[in-house]
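What follows is calculated from the coordinates using simple rules that are stated; it is not laboratory data. Please read all numbers here as calculations on a predicted model, not as lab measurements. When we count neighbours, we look across all protein chains shown, and the Cβ atoms used for this are built from the backbone with ideal geometry, even at glycine.
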Amino acid sequence: MAGAGVVLCAMAGSPALAGPFEFAPAPQTDLNRVYKVDKSTGEVGACQFQLKEGGIGLTVCFPAGEGAGPQPPSDYGLMPSRHEREGGIFRVNLRTGEMSICYVYEDKTVCTPQAK
């Protein structure tokens, strides 16, 4: 029985059990938007709360648009700037050091081309 506990503890720290997404808020202090990135594909999307008259509100999501779709397989993350008026977020490739800025444009999440 003690062996099973060791295996479970070892598995708990395993990256295979980590979720496939990372989430981060937009740095803009008066914007209730949260970005998500698929950590292996780099695909980015965003959601935010919207008031609904006479109701409890809605979750409005902005799917991946231009540049925000899947990228070459790697290890991606999100990095908000510290600029309190910035509505976008950086998508970072943790293996190559490439970055792009992602933001909501019209009804889609879009990202600039990756650069070093």
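With the cut-off at under 15 Å, measuring from each backbone N in segment 25-42 to a point 7 Å along the Cα-to-Cβ line of E84 picks out 27-31.
Annotation for segment 95-116 versus segment 47-65: alpha-carbon center distance of 22 Å. For K39, the lysines whose Cα comes closer than 21 Å to its Cα, not counting residues fewer than 8 places off in the same chain, are K108, K116.
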